[in-house]
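The structure appears right after this line, and notes come after that.
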Amino acid sequence: MTMIRVLNIRAGLLLLLITLMMLSSLSSSQEATTPSGFRFVFMTVDAEKACARKYDYIVVGGGTAGCPLAATLSTKYSVLLLERGGSPYGVPDIENADAFGKSLNETDKYTSVAQTFISEDGVSNARARILGGGTALNAGFYSRASSEYVSNMEREEGLVEESYEWVEKQNAFRPDQLSRWSSVFRNGLPEAGVLPDNGYTLDHVEGTKISASTFDNNGKRHTAADLLETANPDNIVVLLNATVSRILFNSQSEGTKEGSSQKPRARGVEFMDRCGHSYQALLKESSRSSEVIVSAGALGSPQLLLLSGIGPSEHLKEFNISVLVHLPFVGQGIQDNPSAGVILQSPIPLEFSSIQVVGILKGSENYIESNSMVNITVPSHPMNVYTGDIFEKLAFPLSRGQLRLHSMDPRDNPSVRYNYYSHPLDLQRCVHAVSLIAKLLKTRSFERFAYAAANDSSREFHFIGQSLPDNPFDDAALLQCDAEHNLALPWRM
């Protein structure tokens, strides 16, 4: 029976999802560099050509899960991979480490590689709109999932290990050396009590560790799109600038009533190109195992299900969408990793450094991460401002929210409320991690980043934006302060 499979991707779980989709025996594909900057011969923007054939599998979303999945499937089956964005190749703002963050600041409604997204909680974020997904935009830190997490997911350890090695061979790079800022951060964490110091390791271990990066030692980014190198070029088509608007079902399944035992069968998808022209891509009728696989991210996947008539019936009726399957949990229980931290101005020159070191707190409840930047001031008074960003991230939040449609246009963001800190333990854990950041800034390692005070012999940090509270070591006082001000610190999500 033709099926729909959904991969609901969260940033913190992306790596594990890769591991579930890899096979060890993968053939190499041919490469080609075209004037349009496409790395592989099977990449195209020609929708009519892509729709001229039918496929065993249609994968919606060319991100961290979709790319390796499509590559793996193509070794045995015909695959169409649909990505709403363009190619990451030949784009300096994507490929070059020293341009990190620039693409996040250059957004528009429909065509930029990053799509601005503001939740109903008022937190600003960006959604990837490019082949490779978040791996084309993020800070490039690579680390394996914890063995406890893999065990809880009931996955085969041997296959997981094999999958890690497959990805790491192509996309994970051990840094030749740590940057000045990362070296201080690495030394300061054990001083602040984040122990033990584990040195370099890809494994998820509590304490302080150096890990790999998806930026190589020449400063070039490697994204999940690179994993398409193993695809069979005769079996795969990667169609770019293709935004899927709904999943198509066999006519007898259209309009299935609530409570009906008849199971809907997917037959393809409807999508639009960058100009808004509509097309249909179809599965092979002869293959009863053909599937439409949805790997469009934590927001895009439930949004597409809702647009296709799969979800809470009352919500679908608000948009006059025919209810195909009443599934009240679609869009419910969504979560995100809240983060808080500080930005320090440095009195000494720094180079750009992506995240190279992490502190994993007891129970893996929080991570402490950091990176450094070189910021150019206004052109009329050009000068470099060197900054270091230290932030904590809550690994497994207990707070839950919901996602609903905002419009019928698949290019628009859905409406999402995460209900950050609605569970009291989330706020307590965040407060504990912020206290640890304060302790980190009290270490001898960080003394070199303090400025001489104007009126006495003491030294102080220059914060850009929000500083730490006056009494950051009093958890009760910090908890009260942050509850009242909703952790008014820079957000990183």
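Overview of values
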item: In the stretch 280-297, residue nearest to Arg246 (Cα to Cα) [restricted to those that are of a type outside the set (Asp, Glu) and open to solvent by 20 Å² or more (accessible area, probe 1.4 Å)]; result: Gln280
item: Scan of the stretch 176-206 for residues that are open to solvent by less than 30 Å² (accessible area, probe 1.4 Å), farther than 19 Å from Gly363 by Cβ and of a type outside the set (Gly, Ala, Ser), ordered by number; result: Trp181, Val184, Phe185
item: Within the stretch 424-472, considering residues that are surrounded by 20 or more Cβ atoms within 10 Å (Cβ to Cβ) and either among the charged types (D, E, K, R) or assigned to a strand (DSSP E or B) (or both), the one farthest from the chain's Cα centre (by Cα); result: Arg429
item: Residues (of a type in the set (Phe, Trp, Tyr) and open to solvent by 10 Å² or more (accessible area, probe 1.4 Å)) located in the stretch 43-65; result: Tyr57
item: Evaluation of Glu95 against (1) over 20 Å from Phe173 (Cβ atoms); (2) buried (at least 17 other Cβ atoms within 10 Å of the Cβ); (3) of a type in the set (D, E, K, R) (one fails), failing number; result: (1)
item: Pick from the stretch 98-109, criterion touching a residue at least 24 places away in the same chain (Cβ under 8 Å) and in a loop (DSSP other than H, G, I, E, B), ranking: least open to solvent (accessible area, probe 1.4 Å); result: Gly101
item: For Arg265: the one exception among (1) surrounded by 13 or more Cβ atoms within 10 Å (Cβ to Cβ); (2) touching a Ser or Thr at 6+ places or on another chain (Cβ under 9 Å); (3) modelled with pLDDT of 95 or more; (4) not small (Gly, Ala, Ser); result: (3)
item: Residues within the stretch 410-423 that are over 19 Å from the mean Cα position of the chain (by Cα) and in contact (Cβ under 8 Å) with a residue 24 or more places away in the chain, tallied; result: 4
item: The stretch 217-244, subset within 22 Å of Phe352 (Cβ to Cβ) and in a strand (DSSP E or B), residue farthest from the chain's Cα centre (by Cα); result: Lys220
item: Matching residues, the stretch 185-212, being under 12 Å from Ser445 (Cβ atoms) and free of Cβ contacts under 8 Å to residues at least 60 places away in the same chain; result: Pro190
item: Failed criterion for Gly255 (all others in (1) part of a helix (DSSP H, G or I); (2) modelled with pLDDT under 95 hold); result: (1)
item: Close pairs (9 angstrom Cβ cut-off, 6 or more residues apart or separate chains): without any contact (Cβ under 8 Å) to a residue 60 or more places away in the chain and within 18 Å of Thr64 (Cα to Cα) in the stretch 148-164, of a type in the set (Phe, Trp, Tyr) and open to solvent by 100 Å² or more (accessible area, probe 1.4 Å) anywhere; result: none
item: Residue list for the stretch 52-88, filter: more than 21 Å from Pro410 (Cα to Cα), out of contact with any Phe, Trp or Tyr (no Cβ under 7 Å at 6 or more places or on another chain) and assigned to a loop (DSSP other than H, G, I, E, B); result: Ala52, Arg53, Lys54, Ser74, Thr75, Lys76, Pro88
item: Wholly within the stretch 145-216, helices (runs of 4 or more DSSP H) carrying at least 3 residues that are among the charged types (D, E, K, R); result: 157-171, 180-191
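Every residue, every condition in (1) open to solvent by 70 Å² or more (accessible area, probe 1.4 Å); (2) closer than 25 Å to Gly363 by Cα, yes or no:
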{"residue": "Thr111", "(1), (2)": "no, no"}
{"residue": "Asp121", "(1), (2)": "no, no"}
{"residue": "Ala128", "(1), (2)": "no, no"}
{"residue": "Phe141", "(1), (2)": "no, yes"}
{"residue": "Asn152", "(1), (2)": "yes, yes"}
{"residue": "Gln170", "(1), (2)": "no, no"}
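The rows are residues; the columns are (1) assigned to a strand (DSSP E or B); (2) within 17 Å of Phe449 (Cα to Cα); (3) open to solvent by 20 Å² or more (accessible area, probe 1.4 Å).
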{"position": "Leu306", "(1), (2), (3)": "no, no, no"}
{"position": "Glu314", "(1), (2), (3)": "no, no, yes"}
{"position": "Leu344", "(1), (2), (3)": "yes, yes, no"}
{"position": "Ile348", "(1), (2), (3)": "no, yes, yes"}
{"position": "Tyr367", "(1), (2), (3)": "yes, no, yes"}
{"position": "Ser372", "(1), (2), (3)": "yes, yes, no"}
{"position": "Thr387", "(1), (2), (3)": "yes, yes, no"}
{"position": "Ile390", "(1), (2), (3)": "yes, yes, no"}
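The values are calculated or read from the model by the stated rules, or taken from the named source; none is laboratory data. The model shown is predicted, which means the values in this text are computed figures rather than measured ones. Neighbour counts are summed over all protein chains in view; Cβ atoms, including those assigned to glycine, are modelled from backbone coordinates with ideal geometry. SASA here: full protein model, heavy atoms, side chains in, ligands and nucleic acids out. Shrake-Rupley method; radii C 1.70, N 1.55, O 1.52, S 1.80 Å.
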